[in-house]
Amino acid sequence: METKTSGSSLSKALNMLNHVCTSPVPLRFAELVELSELPKATAHRQLNTLLEHGLVRFDEHKQAYYPGYGLLALAHRTWANLDIRDVAATPMRDLWSSTQETIHLAVLDGADVIYIDKLESPKSLRLYSAVGKKGPVYCTGVGKAILAFLPQEKQQPIIEAQSFFRHTEHTLDTAEALKADLELIRETGISLDLEEHELGIKCVAAPIFNSRHEAVAAISVTAPAFRTADDVYEEMKIQVKQAAETISKRLGDCE
């Protein structure tokens, strides 16, 4: 009985909140009573509960109810707690289906990048990466994709922490070379790893942004150089950028 009562009360409160939030004009108490079809005492009780939690606010001068600022805080916490792997799952699968190459999802972990999800290519390919494994930021597509869009005060300490060890003859081995590449990434929205971390392996990556337009992750397509002719590589750039934009929109990014 208590569960039913609680559920019924919650339903009434949510219905009331919905009226306040979706009305094109602020509603007065009498109008909310009419719309909700609740007794005045019940409507008053539900509104008081919503007011206490900051989900609605009351304008004394206009004698009307508005959406509360608590909704913004609730929305912010909801977006912040979204598991990016869940949000990215379908776009990753679509990208994998269209390219048939290995797909990575990664985030920064201090001055390194860490792979948090991976879809293996159905074709034969052995890679350094693995879920939970860390990689260098300065010579991986996903690492540079995130780093390029960090604010200066966060970006500079990460650059200073890099070893710039030459993994291959193509590795960017100075801070100046990396900064020049980051500038290009900011212009194009695409990060390339042209055999910088592993010989014979190319990667194209793009940043993923949250609701505050902060770069929080990156997605990439990785393939052997012999399978990435110029036309194929150009198509991969388009596909990975579209996937990143889809994930960003799902995280609330509107830019």
(message) Students often forget the sequence filter, so: which lysines lie under 20 Å Cα-Cα from LYS40 once same-chain residues fewer than 8 apart are removed?
(response) LYS12, LYS62
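So what is the diffusion coefficient of region 137-255 in µm² per second by Stokes-Einstein at 25 °C and 0.890 mPa s, using a Kirkwood Rh over Cα pairs? Working shown, then result.
Values: Rh = 14.4 Å.
D = 170 µm²/s.
I'm a student and want to see the number: the projected area of the Cα convex hull of region 195-255, averaged over all directions, in nm².
Details: hull surface 17.1 nm².
Averaged projected hull area, Cα only: 4.3 nm².
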(request) Please report the base-10 log of the normalised intensity I(q)/I(0) for region 1-75, using a Debye sum with one equal scatterer per alpha carbon and no solvent, at each q in 0.19 (1/Å). (result) -0.75
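Just want to confirm a number: the relative contact order over region 138-232, from Cα pairs under 8 angstrom separated by 6+ residues, in percent.
Numbers: 157 pairs, mean separation 30.9, N = 95.
The normalised contact order for region 138-232 reaches 32 percent.
Please give the calculated 222 nm ellipticity per residue for the chain, where each DSSP H segment of at least 4 residues contributes -39500 (n - 2.57) and the sum is spread over every residue; nearest 500 deg cm²/dmol? Let's see the in-between values first.
On the way: 9 runs with 120 residues, N = 255.
So the calculated ellipticity at 222 nm is -15000 deg cm²/dmol.
Under 8 Å for C-alpha pairs, at least 6 residues apart: give me the relative contact order for the chain, rounded to a whole percent. Mind showing how you got there, number by number?
Values: 419 pairs, mean separation 38.6, N = 255.
Averaging sequence separation for qualifying contacts and normalising by length gives 15 percent for the chain.
How far, in nm, would the chain grow between ASN15 and ALA41 when pulled straight, counting 0.36 nm per residue and subtracting the alpha carbon separation? Please report the intermediate quantities before stating the final value.
On the way: separation 26, 0.36 × 26 = 9.36 nm, distance 1.56 nm.
Length difference between fully extended and current span is 7.8 nm.
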(message) Among (i) 1.66; (ii) 0.98; (iii) 1.37, only one was calculated for this model; which label is it, if the read-out is Cα Rg over 2.2 N^0.38 Å?
(response) (iii)
(request) For ALA130 and PHE164, calculate 0.36 nm times their separation in residues minus their Cα-Cα distance, and state this gained length in nm to one decimal. (result) 10.1 nm
(message) Sort 163-169, 147-153 by the packing proxy (mean of other Cβ within 10 Å over each peptide's residues), most packed first.
(response) 147-153, 163-169
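Work out how much length ALA89 to ASP230 would gain on full extension: take 0.36 nm times their residue separation and subtract the Cα-Cα distance, in nm to one decimal. Walk me through the numbers before you get to the answer.
Values: separation 141, 0.36 × 141 = 50.76 nm, distance 2.77 nm.
Full extension from ALA89 to ASP230 adds 48.0 nm.
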(request) Calculate the spin-label point distance for ARG212 paired with TYR69, positioning each point 7 Å from the Cα along the beta-carbon direction, and give it in nanometres. (result) 1.7
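No lab work stands behind these numbers, since they all come straight from the coordinates. Quick caveat, the model's predicted, so the values are computed rather than measured. Neighbour counts are summed over all protein chains in view; Cβ atoms, including those assigned to glycine, are modelled from backbone coordinates with ideal geometry.
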